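Below is one structure, written out as structure tokens, with a few remarks after it.
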Amino acid sequence: ARRQFGDLEEARSYCRNTDLRLRKRTMRTEWLQEFRQDFVFALRGLRKAPGFAVVAALTLALGIGANTAIFSVVRGVLLRPLAFTDPGRLVMVAGSYRGQQSTSSPANSYDWRDQNHSFTGMSVITGHSAVLTGSGEPEQLRGFDVSANYFSILGVKAIAGRAEFTPEEAAWKGAKAVVLSETLWRSRFGSDPKLIGSMITLDNERIQVVGVVPTASSWPSSAVMWFPFTFEPARLPQSRGAVYLNNLARLKPGVTLESATADMKNIAGKLEVAYPDANKDVSAVVVPLREWITGGLDTPLYVLLGGVAFVLLIACANVANLLLVRGVGRASELAIRTALGAARGRLVRQLVTESLVLAMVGGLAGLALAAAGTRLLVQAAPKSIPRLDQIHVDGLVLGFTLVIALVTGVLFGLLPARQVVRPDLARTLREGGRDGGQQAGGSRSRRVLVIAEVALSVMLLAGAGLLIRSFNRLMAVDPGFRSDHSISFALSLPIAKYEKPGQQVAFMDAVMGRMHDLAGVEASGAAFGMPLTAFGFSFSLEIAGRAAVKPADQPSAEVRIATPDYFRTMAIPIVKGRGFTAADRAGSVPVLIISEAAVKKLFAGTEPIGQHVKFGWGRDGQALEGDIVGIVADVKQASLAEPPRPQFWVPYDQWPISSVNVVLHTIRDPMAVVADARRAIHELDPDLAVAQVKPLDDIVSESVAQPRFYMTLLSVFAVIAILLSTIGIYGVIAYLVGQRSREIGVRIALGASRANVMRLIVREAAMMAAAGIGIGLVGALALTRLMGALLFDLKPSDPVTYLVVTGVLGGVALLAASLPALRAARIDPALAMRGE
């Protein structure tokens, strides 16, 4: 029989494998059937308890929605790839002077480009705004000068024409050419394909449009046009002291960031030896383009993401508490299921399924909140945050929401499920499920959850409190000028029309005369660069009568240009000496005004007035120089948080410049005054654009927009956390009062006063709050160290903040316990004992 049957072992193996497949198929079918049963039962259970379902789902929706919205911001700003070919290989090459990152000079940039072994190409970048005329209202547009290979380095293709400049266009005094962005092409020229190859008027010059690039691939994002960068070859050797260029490059295949950095430092070292006067202590750094664009946003955005994660954890703790309370009411049901043969794992799976269904409902509601919240965040976010147009809910964000909903469902469902399926079966059936035999364990779990909520709330509130105190200190800083009832606008004179300094002076005299005559204008002035904009130029300088030093060791200061009435218009006091007058014109003795910060840095212990200063920059063969005639108060130039920089002021009539900001102080509506000013300027020259119109209050507000944004968001999260913690404390204390009603009734019957009963209940809340506050303070002291870069004039361990946080959370805990305590004090002993 065995010989006739054949290979017995093979048959046995075949049968075993067949049985195993059948068993797995049966188990899978049974699991799917059980899951379907659990899912349907969960929906039925939630429908029977609509109040519980709505409260729990909304709590989760709040946590999930806030997390998804902040994740959308983090993804759009920090994580989404740049819209270029292989963006991970794009870098910026910057100068580094004595460890401080800076721009580079034309000569250095060209040497870096020609001598490096790390990049497939390198392009310089520098700003170049221009006024577009001849096609509607004159408009000042933001542009950049770039090398001919700029767009090929980025990997950007033109959607019309070409995205590169020819050698003739990139040559000094070569053919005029411009590449436009898709946004400008569509908005100003109606997507006219005939525009390619035609001429447009920019700054009174006829320039040929050679191409259009897609908006999504435009960089810098503020640019709408790009010109070829040109530099006079004869001036190149003398240009090493003029640092104003940025440099874009693409790493060669196989070249790492570290090796490229080493290569550039080696080149910089050779240039320092070859040109010690200009290049002493000058090095080079290589920065990934994504990091260059996002700057220092990583820390604040990840702090916000961590803060909103705390909100989600608190929401989970609250829902877990709700499930624990609900589980007590279901103790009898679960005991009967166990008596009928249900395994403990089967019951846990059913309860976790209910939690997951609840989480999915909360996730869907949270996704709707996230979509609306993301739009609000984009609208409220400061314009200084880059890549705002990249923030939206996409597939990855949807996946994040799904994952976070699943994780939270398991997180808040597993603990209650494990707790409620461990009753004393006989006792539960005997007592009808009044406490399920789990009062001690369930109460302990609820207390732990509340303590965790309070601890997380303390951490959030501490972070928000630090940002609030830091922001208040920042806003208390004096910017050095008045901003109320004042407005500014930019005016740029085209060189093609106002080439000579005398023409610029004459036109600005006419403009300031018109501004002075406007109705409601009390004072008017103009300057090169507005405060709090970090816009300006620094030059090395020599002070007459002092020992000569090497060019690389010369001190430096910012140089700004102003009309005589500028300081009066801005209410910047002249501390000593005099301000500029109408007599300070071309042909008269050149004069300068110096800031107090410059006095401290350059003239400590000496009298600055009367000193002659000569700068290492000039034009047309004439160096910028003059006698100091006055000292002016400091003005915050970069930001309120940074100390004032040393500044020298030059009278406009002695050193005219084509671009200025006009400031008007008025008793009328500032915007109405600007409308009158625009008409007056157009009467003088209809081709000029009045741009960058901003009240000075807005300039101050925008300078602190980012810290205000972070403070507001973290404060909102903290308020939500406090509300959720209050609800959690109230829920637990109210439940404990209900569980202990017979005990409280007996106490009152035996003579306990109502005040004693209230103290008993409040003490319970105070103990939980104290434990949570203690744990939270320890965690806050550790975590807020990460916020040091976000704080101004404040330490992360600021004691006032932690005292306030302790007081707020302690008060919230007592308030949450007061209502249950009052209810306990009013218990009728007879009713409580008769109910038993």
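The values are calculated or read from the model by the stated rules, or taken from the named source; none is laboratory data. For clarity, every value in this text was computed on a predicted model and none was experimentally measured. For neighbour counting, all protein chains shown are included, and Cβ atoms are generated from backbone atoms with ideal geometry for every residue, glycine included. What goes into the accessible areas is simple: the full protein's heavy atoms, side chains included, and nothing from ligands, DNA or RNA. Shrake-Rupley method; radii C 1.70, N 1.55, O 1.52, S 1.80 Å.
Observations
- Close amide-amide hydrogen proximity is noted between S102 and G95, S96, Y97, each under 5 Å apart and 5 or more residues distant or on a separate chain (H modeled in the peptide plane; Pro and chain starts excluded).
- Set of lysines with alpha-carbon distance to K280 below 16 Å, sequence-local pairs under 8 removed: K265, K270, K550
- Secondary-structure-derived ellipticity at 222 nm for the chain, considering helices only, amounts to -17500 deg cm²/dmol, per-run term -39500 (n - 2.57) for DSSP H runs with n ≥ 4.
- Checking every one of the trypsin sites (Lys or Arg not before Pro) in segment 530-577 against DSSP loop status and a limit of 15 other Cβ atoms within 10 Å picks out R546.
- Relative contact order of the chain, taken over Cα pairs closer than 8 Å and 6 or more residues apart, is 16 percent.
- Accessible-area composition of the chain, carbon plus sulfur, in percent [1.4 Å probe]: 59 percent
- Distance between the C-alpha centres of segment 134-164 and segment 463-512: 28 Å, rounded to the whole angstrom.
- Fully extending the segment from V273 to A544, taken as 0.36 nm per residue of separation minus the present Cα-Cα distance, adds 94.7 nm.
- Computed label-point distance, nm, for sites Q238 and A583 using a 7 Å Cα→Cβ extension: 3.4 nm
- Shape annotation for segment 333-411: C-alpha extents along the principal axes are 65, 18, 16 Å, from largest to smallest.
- Overall form of segment 631-672 per C-alpha gyration tensor (a/c, 1.5; a/b vs b/c): oblate
- On a per residue basis, segment 351-391 carries 44 Å² of accessible surface, using protein heavy atoms and a 1.4 Å probe.
- Gyration tensor verdict on segment 190-309 (Cα atoms; rounded if a/c is under 1.5, prolate if a/b is larger than b/c, oblate otherwise): oblate
- Here, the chain yields an orientationally averaged convex hull projection of 53.7 nm² when only Cα atoms define the hull.
- Angle between the chain longest axis and helix 501-517 axis [Cα atoms, degrees, rounded to 10]: 60 degrees
- Working from label points 7 Å from Cα in the Cα-to-Cβ sense, the K48 to R36 distance is 2.2 nm.
- Tilt relative to the chain, helix 439-475 - C-alpha long axis, 0 to 90 degrees, to 10: 10 degrees
- Folded to 0 to 90 degrees: helix 298-329 orientation relative to the chain principal axis, Cα: 20 degrees
- Cα gyration tensor shape of segment 510-555, rounded if a/c is under 1.5, else prolate or oblate by comparing a/b with b/c: prolate
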